[in-house]
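**Student:** Before we start, here is the structure in question, set down as structure tokens.
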Amino acid sequence: MIKGIHHISMKCAAPETYARARDFYCNILGLTVFREWPDGMLLDTGSGYIEIFCNGEGIPTKGAIRHFALLTDHVDALTAKIRDAGYEVFIEPNDVNIPSTPVYPIRMAFCIGPLGEEIELFQER
């Protein structure tokens, strides 16, 4: 039986890219390192982990996973922090009513992370 998502995994090849990813997720987004080993780390999101390895080919490709969403109460503040750090915000913070039953009101924004990953900042309203 599935209990939830444990982690999302990404890879990079260069130590500089790995350091940039660590800076982005820890210093800009405020995540903490849960576990670290010589060529990887698990970052704690509060409800699962982001795993980053520094042993891949580092060739970004877009496959079946379009993006991952991080739950926050501060979409606007995080978006500003991400932009100020020089990262691309490709969808500005905006309110959306997901047309489910009942309607699911959210605030969201999208950015590109240090490994080329698309990240949604997701806030329930």
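The values are calculated or read from the model by the stated rules, or taken from the named source; none is laboratory data. On a predicted model such as this, the values are computed, not experimentally measured, just so you know. Cβ placement follows ideal geometry from the backbone for every residue including glycine, while neighbour counts extend to all protein chains displayed.
**Student:** Among (1) out of contact with any Phe, Trp or Tyr (no Cβ under 9 Å at 6 or more places or on another chain); (2) modelled with pLDDT under 95, which single condition is ASP39 missing?
**Tutor:** ASP39 satisfies every listed condition except (1).
**Student:** Looking only at region 26-49, which residues are surrounded by fewer than 19 Cβ atoms within 10 Å (Cβ to Cβ), within 12 Å of the chain's Cα centre (by Cα) and not in a loop (DSSP other than H, G, I, E, B)?
**Tutor:** The answer is CYS26, ILE28, ASP44.
**Student:** When you look at ASP23, is it under 17 Å from GLU124 (Cβ atoms), of a type in the set (D, E, K, R) and either out of contact with any Lys or Arg (no Cβ under 7 Å at 6 or more places or on another chain) or surrounded by fewer than 13 Cβ atoms within 10 Å (Cβ to Cβ) (or both), yes or no? Show your work before the answer.
**Tutor:** On the way: under 17 Å from GLU124 (Cβ atoms): no; of a type in the set (D, E, K, R): yes; either out of contact with any Lys or Arg (no Cβ under 7 Å at 6 or more places or on another chain) or surrounded by fewer than 13 Cβ atoms within 10 Å (Cβ to Cβ) (or both): yes.
The answer is no for ASP23.
**Student:** Sticking with this one: Would you tally the residues in region 84-106 being among the aliphatic types (A, V, I, L, M) and touching a residue at least 60 places away in the same chain (Cβ under 8 Å)? It would help to see each step written out before you state the result.
**Tutor:** Going through region 84-106, the residues among the aliphatic types (A, V, I, L, M) turn out to be 85, 89, 91, 96, 98, 103, 106.
Checking the rest, the ones that are also touching a residue at least 60 places away in the same chain (Cβ under 8 Å) come to 85.
Residues in region 84-106 being among the aliphatic types (A, V, I, L, M) and touching a residue at least 60 places away in the same chain (Cβ under 8 Å): 1 in total.
**Student:** Has region 89-104 got at least one residue that is within 19 Å of MET10 (Cβ to Cβ), at pLDDT 95 or above and surrounded by 11 or more Cβ atoms within 10 Å (Cβ to Cβ)?
**Tutor:** From region 89-104, those within 19 Å of MET10 (Cβ to Cβ) are 90; that's our starting set.
Right, trim to at pLDDT 95 or above and you get 90.
Among the residues that remain, those that are also surrounded by 11 or more Cβ atoms within 10 Å (Cβ to Cβ) are: none.
No - not one qualifying residue is present in region 89-104.
**Student:** Only one of ALA109, ALA69, ALA21, ALA13 is on the phi < 0 side of the Ramachandran plot, among the aliphatic types (A, V, I, L, M), without any contact (Cβ under 8 Å) to a residue 60 or more places away in the chain and not in a strand (DSSP E or B). Can you tell me which? I'd like the intermediate steps shown before the answer.
**Tutor:** Working: ALA109 fails: not in a strand (DSSP E or B); ALA69 fails: not in a strand (DSSP E or B); ALA21 fails: without any contact (Cβ under 8 Å) to a residue 60 or more places away in the chain.
That would be ALA13, the only listed residue that is on the phi < 0 side of the Ramachandran plot, among the aliphatic types (A, V, I, L, M), without any contact (Cβ under 8 Å) to a residue 60 or more places away in the chain and not in a strand (DSSP E or B).
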